[in-house]
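Quick one: the structure is below, and I'll ask about it shortly.
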Amino acid sequence: MKILVAVKQVAALDEDFAIRDDGRDVDSDFFIRDLNEWDDFSLEEAVKIRESSAEPVEVVVVSVGPDEADESLRKCLAKGADRAIRVWDTCIEYSDSIAIARVLAAVAKREAPNMLFAGVQSSDQSFASTGIAAAALLGWPHAAVVSNLTCTPGANLAVFRRELEGGLLHEVEIQCPAVLTIQLGINTPRYASLRSIKQAAAKPIEVLSLSDLALGAADVGEAGSSSRVRRMYVPDKARAQLIEGDAAQQAARLAQIIHAFKGAAS
Amino acid sequence: MVSRTDAVTRILFEAFSAAEVRLFYLLGYAAIAIFGYGVYVQIRKYRRGAALKLEGGLWARFGAMLSSVLSHRTIERRDRSAGGAHRLIFYGFVLLFAGTATITLEYDILEPLFGIRFWHGQFYLVFSLVLDIAGVALIAGLAFMMYRRGWMRLPKLDYARPDRVPGDPDFDRPQYRREDWAFLWILLIIACTGYVLEAARLVWLQDRADIWDTRWWSPVGALLAEGMRTAGLGERGAGLLRHGLWWFHGLIALLLIALIPFTKVKHIFTAAASLMVRDPLAAQRLPRIPDSQEQVGAARITDFNWKQLLNLDACTKCGRCHEACPARAVGAPLSPRDVILSLREFAKSTLESGVLPDAAELDIHGKAPGQVAMETLWSCRTCMACVEICPVAVEHVPIIVQMRRKLVEEGAMDPLLTKTLQTIHKTGNSFGESKRKRGAWSKALPFPVKDARKEPVDVLWFVGDYASFDPRNQKVSQVFASLLQEAGVNFGILYDGESNAGNDVRRVGEEGLYEVLATANVNALAGASFKSVVTTDPHSYNTIRNEYPDFGGKYEIEHYTTLAKRLFTEGRLQVTNPLKYRVTFHDPCHLGRFNKGYDAPRELLALLGCELVEMGRCKANSFCCGAGGGRIWVPDPVGAEKPAQNRMKEAAAIPGLEVYVVSCPKDLTMFEDALKTTGNEGKFVVKELIELIREAIPARRAEEVPA
Ligand code: SF4
Ligand code: SF4
């Protein structure tokens, strides 16, 4: 059995940061990069399946990202992934989640796993669509926000649970190969000690280009995306003021403010 | 008379049949053979541990061991009466043993081979006097030890374990108590029968003038002999008594020799050997993991090196570490003594057998007898109190940390600790703050603090996480910076070039992260130009001073207390407003015990005009605030007393105490909290020594004092 786990190196923001000159993203100088929190859980889930299985299970992590992403992949290798694949090409930059999903789907076709795990969402972009889009492109069954999973390697069916409104649980069977997006809290991700990360540095990371996946520049980047970021900005701070005085004074002041706003709007 | 004295000698096998003598020799050889086999088994056990190359010359080590053993310095500490009694037993035993051994030397080797005899005449008489006195010393020491064990009810001699519950097979280990008593009784019986034997021999041979006339050279024996005669014992009776007792005494003595390697008696050798291989920096400088080594930390008993296995056998169960341990004192499931004893039992049951058991059976982590539980290991604050007081140089801290390394590797730790380690890896500090903000505290100062990476300074101040990021400690940092400025010290800091020093990360057991941090700091320091390093943080101080040299970073480094003291003696700082406070001083583990910085803070307090009242547990016996070993990142269990609270109560008992003085950022945090939670707020205050210095030297202009 093979499980492909899609992971992403996300960017967290430093205390103060600046927007890039083109106004479409934060200046990468201010990024603190790390493995996406959700992916920690999906990787752990895959590794747990391998550890509890009698038959051999291979856990392969894949990331679409530049060189820096190796650091996160190495962390995944330290936590127990057997192999790591990184796909990059400069034209992948500015891809939206659908274009990234196209790359992941191509990797999935190449690897032919029994399951593809992805985190529910990434903490920096929060589209929550990459995994599901990959499923659509592959034509595989899928489920989002999985919070419990039972899967016996070798079996064609996996059973998972999802949390619904009102404390309801949804128990679902799914036919493999399938795509599951994994929710936080499904397990307790293990700690990757620095020594294990260092030792994982010895394991190779396979780097694929678009042509390895039979994709072209038109499939990714802005050309292959169906959405485009126009700008990224910090909204003006909302204003608040405390109205003092007795009830009558407060009401009068309130009316004044409302009038002022109405005036501005018209 | 002269000739008679000259003829006098030790009566050995007199009146024994040849068969009896042969039998005795046979038994003697058997005892020695059993002893030899036992020694072989023990040595084979130690050799099953990992390799270790000791630093330093053998003779220097031997000399140091001999001086500890002969002076009883380590045994006497914090327990004078036990030390004194042990000294009596030790010297009594050594003399008596040496006496017996020299007789064997003469009788079995020198005389038959070379015809040399010295056991007669004046020499023999003086020797019997000395041995008689030695016997008294031995009996007196043993009697006191029996009284101590039987009646003094010392908590440290209670073998009940804090990491087990009643009903567990190894909860209070009654077999230890039985062994203790058996040992005392056997020695006592050997000593007493020795006297009775001597007396019986005198009575039996009272007609031989050479013997009878010189009897008072053995005063105790002579006295007993007089008693026997008064009681009507005749020569024949005495002869029979002597014969029987001779065998009894001899057999017990041989039994003792045979049993040495198998019982606590072996501490005679293991303790001495352990003292000989002592590492004076055992807790201060933890062992590196060679790059070639796959296995990280101690998972199996064989992962300990031979010296550590020897350490386990050296423990005399004296309980001093048990008594000193702050974790044990507040009811945590840890006693350093029991970690050692547990592992010792484990080593005994696995490594003494002919063939080494399977790897799975060598696993030391867990809750089965002999194993050490995770909670136990995580309770340790690596405060070094145990290592410091152990009379036989057992080094608990590296053992505990090596076991923790294994837990870290498996991720078997508190989730909060996992988070902190990840944070430190990501941001270089435990606060999860941006690197850029490390020097932000200095912005509140009316003068710029130099960036030592950009301009040369005399003194490089390694600030550390707490003093850089914790709001309360930032205030102290600001005060210290202005004091340095006023004293005209050319100093600077590393700003965002500094990372967490790693002292506590290493003591948690995250060696890989420690390597990253230490290397980063050594590189940052290499990029700065300075003459010496000062630090306000004893934790950073310890690791930079003792551990960075292993990473290529050798600096002249001091804690701020010695620098401040020098600034006073040089007149660069002057007390203008002497403080009249009644204070007590808390020695930080990493400044005091770890690096022996006991004096500078006290001298500073005297300079400031404070009246210092010591707490009972001070200097080497200072009581850890509970923050060490990474425990500052893991909250203590709710409901249970915290070490800092325990300490606050001790301080609160000082009448009229005004200030509880600390000189460590973590102490400030821990004790200010404990002051509140123990309800002592308002009674006295907790202050950094730096703040007291500021008070005694009001800033020249009010606006120079940062808010
Ligand atoms: S280092 Fe301190 S806390 Fe740890 S076992 Fe020793 S005395 Fe106890
Ligand atoms: S380890 Fe040392 S201090 Fe602790 S009980 Fe044993 S001999 Fe005593």
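Just so you know, all these numbers are worked out from the coordinates, no wet-lab data involved. Quantities reported herein were computed from a predicted structural model and do not represent experimental measurements. In this analysis, Cβ positions are derived from the backbone assuming ideal geometry, glycine residues included, and neighbour counts consider all displayed protein chains.
If you look at just the Cα atoms of the stretch A:2-219, how large are its Rg and its Dmax in Å?
Here Rg and the maximum Cα pair distance are 17.0, 54 Å.
Lysines within cross-link reach of A:Lys2: Cα-Cα under 20 Å, excluding same-chain residues under 8 positions apart?
Filter leaves A:Lys48, A:Lys75, A:Lys79, A:Lys109, A:Lys203.
How many Cβ atoms of partner chains, on average, are near each residue of B:434-446 if near means within 10 Å of its Cβ?
Details: counts 7, 3, 4, 3, 0, 0, 1, 0, 0, 0, 0, 0, 0.
Taking all residues of B:434-446 together, the mean is 1.
Per residue of the stretch B:308-320, what does 6.51 cos²θ - 1.76 cosθ + 1.60 with θ = phi - 60° give for ³J(HN,Hα)? Whole Hz please, x for Gly and Pro, Karplus curve as stated.
The phi angles translate into 5, 5, 5, 3, 4, 7, 6, 3, 9, 6, 5, x, 5 Hz.
Here is a follow-up. Sorting check: for B:623-633, B:52-62, A:209-219, B:150-160, which peptide has the highest mean count of neighbouring beta carbons within 10 Å, and how do the rest follow?
Descending packing order for the listed peptides: B:623-633, A:209-219, B:150-160, B:52-62.
Moving on to the next point. Beyond 29 Å between alpha-carbons counts as too far, so tell me which of A:Lys237/B:Lys419; B:Lys454/B:Lys475; B:Lys307/B:Lys649; B:Lys156/B:Lys642; B:Lys435/B:Lys554 fall in that bin.
Going by Cα-Cα distance, A:Lys237/B:Lys419; B:Lys307/B:Lys649 fall outside the 29 Å limit.
So how far apart, in nm, are the two label points at B:Asp414 and B:Val130 if each is 7 Å from Cα heading toward Cβ?
Those two pseudo-labels are separated by 5.8 nm.
Radius of gyration and Dmax for the stretch B:366-438's Cα atoms, expressed in Å?
Radius of gyration, then largest Cα-Cα span, for the stretch B:366-438: 15.7, 50 Å.
With runs of 4+ DSSP H residues as the only contributors, calculate the mean residue ellipticity of the protein assembly as shown at 222 nm using -39,500 (n - 2.57) per run, divided by the residue total and rounded to the nearest 500.
-14000 deg cm²/dmol
Run the paramagnetic zone check for A:Thr150: 7 angstrom along Cα to Cβ, then residues of the stretch A:172-188 with backbone nitrogen under 12 Å.
Residues A:172-173 fall inside that zone.
Hey, another quick one. Please list log₁₀ I(q)/I(0) at q = 0.11, 0.14, 0.18, 0.23 Å⁻¹ for the stretch A:202-266, using the Debye equation with identical point scatterers on the alpha-carbon positions.
So the normalised log intensities work out to -0.60, -0.71, -0.91, -1.03.
Among B:Cys618, B:Cys192, B:Cys386, which comes first, then next, by fewest other beta-carbon atoms within 10 Å?
Fewest to most other Cβ atoms nearby, the residues stand as B:Cys192, B:Cys618, B:Cys386.
Looking at the protein assembly as shown, send over the antiparallel percent of its DSSP beta bridges, to the nearest 5.
Given both bridge residues lie in the protein assembly as shown, the antiparallel proportion sits at roughly 30 percent.
Give the relative contact order (percent, whole number) for chain B; include only Cα pairs under 8 Å separated by 6+ residues. Don't jump to the answer; show the numbers that get you there.
Numbers: 1067 pairs, mean separation 81.0, N = 707.
Relative contact order of chain B: 11 percent.
At 37 °C and a viscosity of 0.692 mPa s, what translational diffusion coefficient does Stokes-Einstein give for the stretch B:299-413, taking Rh as the Kirkwood radius over Cα pairs? Give it in µm²/s as a whole number.
For these conditions, the coefficient is 231 µm²/s.
Enter the mean number of other protein chain beta carbons within 10 Å of the beta carbon of each residue in A:195-202, as an integer.
Mean shielding by partner chains, rounded to a whole number: 4.
Is the C-alpha gyration tensor of the stretch B:419-696 telling us rounded, prolate or oblate? Criteria: a/c under 1.5 is rounded; beyond that, a/b larger than b/c is prolate, otherwise oblate.
oblate
By its C-alpha gyration tensor, with a ≥ b ≥ c as the square roots of the eigenvalues, how is chain B shaped: rounded for a/c under 1.5, else prolate for a/b larger than b/c, else oblate?
prolate
Counting alpha carbon pairs within less than 8 Å and at least 6 residues apart, what relative contact order, in whole percent, applies to the stretch B:30-172?
Here the relative contact order equals 21 percent.
Hey, what do the phi angles of the stretch B:360-374 turn into as Karplus ³J(HN,Hα) couplings, whole Hz, using 6.51/-1.76/1.60 and θ = phi - 60°, x for Gly and Pro?
Karplus values, whole Hz, x for Gly and Pro: 4, 7, 9, 5, 8, 9, x, 10, 6, x, x, 8, 10, 7, 4.
Still on this structure, I have one more. Restricting to bridges with both residues inside chain B, how much of the DSSP beta-bridge set is antiparallel, in percent to the nearest 5?
Given both bridge residues lie in chain B, the antiparallel proportion sits at roughly 10 percent.
Please compute, for peptide B:508-521, the average count of beta-carbon atoms on other protein chains lying within 10 Å of each residue's beta-carbon.
2
Still on this structure, I have one more. For B:Phe304, enumerate residues with amide H under 5 Å from its amide H, sequence gap 5+ or separate chain, H modeled in the peptide plane.
Those qualifying (amide H under 5 Å, at least 5 residues apart or on another chain) are B:Ala50.
Share of antiparallel DSSP beta bridges in the stretch A:2-219, in percent to the nearest 5?
Looking only at bridges with both residues in the stretch A:2-219, the antiparallel portion is about 40 percent.
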